[in-house]
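Have a look at the structure below before the remarks.
The values are calculated or read from the model by the stated rules, or taken from the named source; none is laboratory data. Everything quoted here is computed from the prediction, not taken from an experiment. Glycine gets a Cβ as well: all are built from the backbone with ideal geometry, and neighbour counts include every protein chain shown. Surface areas here come from the heavy atoms of the whole protein model, side chains and all, with no ligands, DNA or RNA. Shrake-Rupley method; radii C 1.70, N 1.55, O 1.52, S 1.80 Å.
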Amino acid sequence: MSPIPKAELHLHIEGSLEPDLAFALAERNGVVLPYASEDELRQAYHFDGLQDFLDLYYSLMAVLRTEDDFAELAHAYLARARRQGVRHAEIFFDPQAHTARGVAIGTVIGGLSRALDEAPAAYGITTRLIMCFLRDQSAESALETFEAARPHLDRIAAVGLDSAEAGNPPSKFREVYAQARAAGLKCVAHAGEEGPPAYITEALDVLKVDRVDHGVRCMEDEALVARLAAERMPLTVCPLSNIRLRVFDTLQDHPLRRMLDAGLLVTVNSDDPAYFGGYVHDNLTAVTEALGLDEETVRRLAGNSFTASFLEEEEKKAHLRAVEEYVFPGGV
Ligand code: ADE
Ligand code: ZN
């Protein structure tokens, strides 16, 4: 029985790099990893916060060098996503993390696109690509990255903003977001993961985002919650990530249910599933159990994932019908 149909809207493709593929690519590319085995690498997956995770996440990217590597990475994600009930995926990638290592942006986009072009037929999954700027790099670097991406914009649906949040407010990227919008791209940004609620407000007012990634710290500001609810602003929440990166102590403490009760357009996603202990349906089952969600709430979350996507209205309607018609097999 397939899990409930869903869209995944917050997935860093580099964060789906599993240890077995990392070691296979290291071997192929002659990269020496500072871990003796996959098990030893997994032992390193204990993080005391976002920066601690990012250090490992960027260092492991050293194994990604060729178009084939990026295509294989995306195929591995899509194969897993299908088993998790994913019908549509909007996928982040971090070009600056690769160009800084001498890998051309065309290599990254070319490899990913090759896999994504095959995804509807091979996995029954439609996709979009979201190009993220690293917020701990300069605004100039983001602008240069956007220029380098211009020949490939037909492949890119949206721009995003990720990496170390604290001290790197959305307003730093006003100009590159204005250019992206002028080029017809959608805009999203990580905000209110580790950073304060004011960063969410900036993402809305300065970057004019269509979606907020994470956004969980909005719950510290009642007026902001009311605004997000009134504007039907989607929030792409990643529960297992929030626990692994110590945003909340336990899943029982996670505000997801309170966010739904406040009328927010919340979706459940996996963020960096190879590092955080689960893909998107694993996230959904984990919160269902921890927060005691009923089937109708799970159905609402699945429906929200399509509503909040960048699909065309007719495509959304078809997916929403499938969510409505889904029969739970006795348990989520
Ligand atoms: N890059 C990959 N995962 C991230 C996260 N959870 N927050 C910010 N940047 C990221
Ligand atoms: Zn993320």
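No other residue among ALA71, ALA119, ALA149, ALA142 is surrounded by fewer than 20 Cβ atoms within 10 Å (Cβ to Cβ) and more than 16 Å from ligand 2 (Cβ to nearest atom) apart from ALA71. Taking the numbered list (1) more than 16 Å from ligand 1 (Cβ to nearest atom); (2) without any contact (Cβ under 8 Å) to a residue 60 or more places away in the chain; (3) not basic (Lys, Arg) in turn, ALA157 passes all entries but (2).
Pairs linking a residue in the range 164-193 that is among the charged types (D, E, K, R) to a residue that is open to solvent by 20 Å² or more (accessible area, probe 1.4 Å) and part of a helix (DSSP H, G or I), with Cβ atoms under 6 Å and 6 or more positions apart or on different chains, are LYS172/ALA139. Among residues of the range 163-203 being within 14 Å of ligand 1 (Cβ to nearest atom), farther than 21 Å from LEU240 by Cα and small (Gly, Ala, Ser), the one that is most open to solvent (accessible area, probe 1.4 Å) is GLY167.
Can you pull out the helices (runs of 4 or more DSSP H) entirely within the range 3-69 that have at least 3 residues that are under 20 Å from GLU165 (Cβ atoms) and out of contact with any Gly (no Cβ under 6 Å at 6 or more places or on another chain)?
Details: elements: 19-29, 38-43, 50-60.
Per the criteria, 50-60.
Pairs linking a residue in the range 1-13 that is farther than 24 Å from GLU312 by Cβ and away from ligand 2 (no atom under 16 Å from the Cβ) to a residue that is open to solvent by 10 Å² or more (accessible area, probe 1.4 Å) and assigned to a strand (DSSP E or B), with Cβ atoms under 8 Å and 6 or more positions apart or on different chains, do not occur.
Scanning the range 204-224 for residues that are in contact with a Leu (Cβ under 7 Å, 6 or more places away or on another chain) and in a helix (DSSP H, G or I) gives a single hit, CYS218. Scanning the range 238-255 for residues that are of a type in the set (A, V, I, L, M, F, W, C) and either without any contact (Cβ under 8 Å) to a residue 40 or more places away in the chain or part of a loop (DSSP other than H, G, I, E, B) (or both) turns up CYS238, ILE243, LEU245, VAL247, PHE248.
The set of residues in the range 237-247 being crowded, with 24+ Cβ neighbours inside 10 Å and either among the β-branched types (Val, Ile, Thr) or more than 13 Å from ligand 2 (Cβ to nearest atom) (or both) consists of VAL237 alone. Report whether or not ARG217 is within 16 Å of ligand 1 (Cβ to nearest atom), open to solvent by 10 Å² or more (accessible area, probe 1.4 Å) and either in contact with a Pro (Cβ under 6 Å, 6 or more places away or on another chain) or without any contact (Cβ under 8 Å) to a residue 12 or more places away in the chain (or both). Yes, satisfied.
Is the range 104-126 home to any residue that is over 16 Å from GLU67 (Cα atoms) and charged (D, E, K, R)?
Filtering the range 104-126 for residues over 16 Å from GLU67 (Cα atoms) gives 119-126.
Restricting the remaining residues to those that are charged (D, E, K, R) gives none.
No, the range 104-126 contains no residue that is over 16 Å from GLU67 (Cα atoms) and charged (D, E, K, R).
Summed over the range 270-292, the residues that are buried (at least 23 other Cβ atoms within 10 Å of the Cβ) and either small (Gly, Ala, Ser) or within 18 Å of ARG232 (Cβ to Cβ) (or both) give a count of 2.
Scanning the range 1-59 for residues that are open to solvent by 30 Å² or more (accessible area, probe 1.4 Å) and hydrophobic (A, V, I, L, M, F, W, C) gives MET1, PHE23, ALA24, VAL31, VAL32, ALA36, ALA44. For THR250, the criteria (1) among the hydroxyl-bearing types (Ser, Thr, Tyr); (2) within 25 Å of GLY303 (Cβ to Cβ); (3) away from ligand 2 (no atom under 16 Å from the Cβ) hold in every case but one, which is (2).
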